[in-house]
Amino acid sequence: MLTTSLAAPPAPLSSRRRWTVLAVCALSMFLVGVDATIVNVGLPEIGRGLDVGTRGLEWVVDAYTVAMASLFIVSGALADRLGRRRIFRTGLLVFGLASLVCALAPSLGVLVAARAVQGIGASMLSPVALAIVVNAMPDPRERARAIGVWASVFGLSMAAGPVTGGALIGAFGWRAVFWINAPVVVIALVLVALFVPESRGERARRLDLPGQLLLTLVLCLTVGLLIEGPRIGWASPVALAGYALTAVATACFVRIELRREEPLMDLGLFRRPPFVTAVLGATAVFVALNVTLLLSTLYLQQARGLTPLAAGAVTLPLALGATVCAPWSGALVGRLGPRRPLLLAGGFTAAGGLCLVGLDGDTGVPLILFAFLLIGIGFGFANAPLTNTAVSGLPPSRAGVAGAVTSTSRQVGVAVGIAVAGGLVAGADPAGLAAATRPGWLIVAACGLFLLVAARTARPRS
């Protein structure tokens, strides 16, 4: 993830201090990533604990994701204006306090509201933390190595999330997946105060509040319709009104952004086919990942009767593939350009989805493990070339915004993936759950095939 404007010349730091800054900031990325996967594996237990169904559980994930996605860009702008360390610390504090409310939530409504506040805090962490790292490491080679480490952290957070979540739930119940954030946030706050220097953008961007409000409205309406559509009816008056309001809000957003001197989102970027396919590709990757995580969580625990810990362990091949291949992908992009890693990402993702299109209650665990490994490899190969494709050929002043838009599209993919997967299995009993997931695996395969299309628009290395 990239910040939204060019960084100011950094104060010189020692090599040890620079890598300490990276470690502290990567901790925030780990916290944000692990929070998504740790909650996914706990959804069945949360449902039983609060007596809610699948549709309510979707909001537990998507309230967090929509809030984070809609605020990425403005958080970067605020950090450039007010100070990156200041916004980073604020994000940690908001995230930590919201986690405590989640842990104490007496009802679904309180939990969903607290998850949205968690998302607000998370929006101040990952993109702002990477801006701090880039500012601290002016040497391009050292910065490239740091970003490779950064990419690996997300895979590690995936590995830790399901297994840690399963162990915590088994020992202490579902509320422990939120309690665990508190000590991590306290440690991070202390480390930031000790080691992270303050920095600001060379030129602070103006805040675009009308654009921000409209973007948030569009995302909330889109995800809400996807989640509630099966319940209210896709052609019901309420749904039709929702479609109309979404279209009007989108049109107003486009009109406002085209007229502003410093828009929230530079719509001129969408005139570049490589950028468009990179944004859509980033969305597709995270749709595939989150369809996989939600469907596998529900299938393994409800249809196969696995404990949360065992279900988390089954997803380890996915995390392993992502962790190993993310830095490898970055190296390939540097040597060969983005096209080949994207082809690998698309091929492995599509193959993993196709392995599970015939899933039933007796499908062998080795096949499931193999499919998860393929999807994880595809995910690991995807992120570096997509980011490279989005920003290639752009001046630095526009590359930051392009990276921020791509980061937003990833979180949109999370929200859409959860909403679509939840809609497929809502109302399915344990006996019919495997069959209900089959269209989801076709969606995963289709996302992989789209990455093969995206590879054609990626520029080969000159």
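Numbers for the structure displayed
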item: Rounded percent of accessible protein surface that carbon and sulfur make up, the chain, 1.4 Å probe; result: 69
item: Cα long-axis angle, helix 273-298 against the chain (0 to 90 degrees, to the nearest 10); result: 40
item: Translational diffusion of segment 225-378, µm² s⁻¹ [Kirkwood Rh, Cα pairs; Stokes-Einstein; 25 °C; 0.890 mPa s]; result: 131
item: Cleavage-rule hits (chymotrypsin sites (Phe, Trp or Tyr not before Pro)) in segment 234-280: DSSP loop, at most 16 neighbouring Cβ within 10 angstrom; result: Trp234
item: C-alpha long axis of helix 339-355 to longest principal axis of the chain, angle in °; result: 10
item: Global form of segment 162-217, assessed from the alpha-carbon gyration tensor, a/c cut-off 1.5; result: oblate
item: Segment Leu367-Ser14, extension gain: residue separation times 0.36 nm, minus the distance between their alpha carbons; result: 122.2 nm
item: Per residue accessible area in Å² of the chain, where ligands, DNA and RNA are left out and the probe is 1.4 Å; result: 39
item: Three-way shape call for the chain based on the alpha-carbon gyration tensor, with the a/c threshold at 1.5; result: rounded
item: Highest average packing first - 54-60, 416-422, Cβ atoms within 10 Å; result: 416-422, 54-60
item: Between helix 54-82 and the chain: long-axis angle, C-alpha atoms, 0 to 90°, nearest 10; result: 0
item: Helical mean residue ellipticity (222 nm; -39500 (n - 2.57) per DSSP H run of 4+; nearest 500) of the chain; result: -27500 deg cm²/dmol
item: Debye-sum result for segment 187-316 in log10 I(q)/I(0), which assumes one identical scatterer on each alpha carbon, at q = 0.17, 0.18 Å⁻¹; result: -1.09, -1.10
item: Relative contact order of the chain, defined on C-alpha pairs under 8 angstrom at six or more residues apart (%); result: 25
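The values are calculated or read from the model by the stated rules, or taken from the named source; none is laboratory data. It should be emphasised that the depicted structure is a prediction, and the values quoted were computed from it without experimental measurement. Note that each Cβ is placed from the backbone with ideal geometry, even for glycine, and that neighbours are counted across all protein chains shown. Surface areas here come from the heavy atoms of the whole protein model, side chains and all, with no ligands, DNA or RNA. Shrake-Rupley method; radii C 1.70, N 1.55, O 1.52, S 1.80 Å.
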